[in-house]
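The values are calculated or read from the model by the stated rules, or taken from the named source; none is laboratory data. Note that the structure is a prediction, hence the values are computed from the model and not measured. Cβ placement follows ideal geometry from the backbone for every residue including glycine, while neighbour counts extend to all protein chains displayed. Areas reflect the complete protein model, heavy atoms only, side chains present, ligands, DNA and RNA absent. Shrake-Rupley method; radii C 1.70, N 1.55, O 1.52, S 1.80 Å.
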Amino acid sequence: MNVFRLTGDLSHLVAIILLLLKIWKTRSCAGISGKSQVMFALVFTTRYLDLFTNFISPYNSVMKVIYLGCSYATVYMIYMKFKASYDGNHDTFRAEFLIIPVGGLAFLVNHEFTPLEILWTFSIYLESVAILPQLFMITKTGEAETITTHYLFALGLYRALYLINWIWRYYFEGFFDLIAIVAGCVQTILYCDFFYLYITKVLHGKKLSLPA
């Protein structure tokens, strides 16, 4: 554990909590991509199958349970509790175009050809692109609520901090995971345009919109 991983985890947690609070307080999931949230739930499910078989630390186990619980709570609120407010007409990104290729890649490129390792690799690859339906939805609608942009910024910051964490671990621990680093780079690149707009518009009180 180092400061970059810790702050990355906290940024990730803040992002998830912001999204849940947004939905709960407004009693609406308007502007939120249900497809992105389903993919994030799938990411956590396939990554944390070792929750009860591979104990690392109390912190690690608690964070896994929180991520799983919050992701499924978000999906429940979008597709069941506040289903009437879900904007399915704009959430039209073809998620299968991400899930199927990622699944195939996980079988072909992994550290070890075992079920748990393949599923872990699948989760890493899928997380790198799971935000695309949300970004596509913002592009299609033309704008995003401020709280949604804060959620996306915190999520992108988490990924960027984890990249610094990998660099730190390489130099100080000799640890190097090419799969995680490449996937993290891809995910961070997807946020670059959003980061620029967030800093130049949202932080100055302007409405964020992504170019179509």
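Per-structure values
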item: From phi via Karplus (6.51, -1.76, 1.60), per-residue ³J(HN,Hα) for segment 61-78 in Hz, x at Gly/Pro; result: 5, 5, 5, 4, 5, 5, 4, 4, x, 5, 5, 6, 5, 5, 4, 4, 5, 6
item: Vicinal HN-Hα couplings computed from phi for segment 89-95 (Karplus, 6.51 cos²θ - 1.76 cosθ + 1.60; Hz; Gly/Pro x); result: 5, 9, 8, 10, 4, 7, 4
item: Loop-resident sites, segment 1-65, for chymotrypsin sites (Phe, Trp or Tyr not before Pro), counting at most 12 other Cβ within 10 Å (DSSP); result: F52, F55
item: Under Karplus coefficients 6.51, -1.76 and 1.60, residue-wise ³J(HN,Hα) of segment 42-50 in Hz, glycine/proline x; result: 5, 4, 5, 5, 6, 7, 9, 5, 8
item: Residue-normalised accessible area of segment 3-209, given per residue in Å² at a 1.4 Å probe; result: 50 Å²
item: Accessible surface, 1.4 Å probe, highest first, among residues V129, V14; result: V14, V129
item: Taking only Cα atoms of segment 3-209, radius of gyration then Dmax in Å; result: 16.9, 51
item: The chain - percent of accessible surface contributed by carbon and sulfur, probe 1.4 Å; result: 71 percent
item: The chain: calculated mean residue ellipticity at 222 nm from DSSP helix runs of at least 4, using -39500 (n - 2.57); result: -23500 deg cm²/dmol
item: Set of aspartates and glutamates with alpha-carbon distance to K25 below 17 Å, sequence-local pairs under 8 removed; result: E145
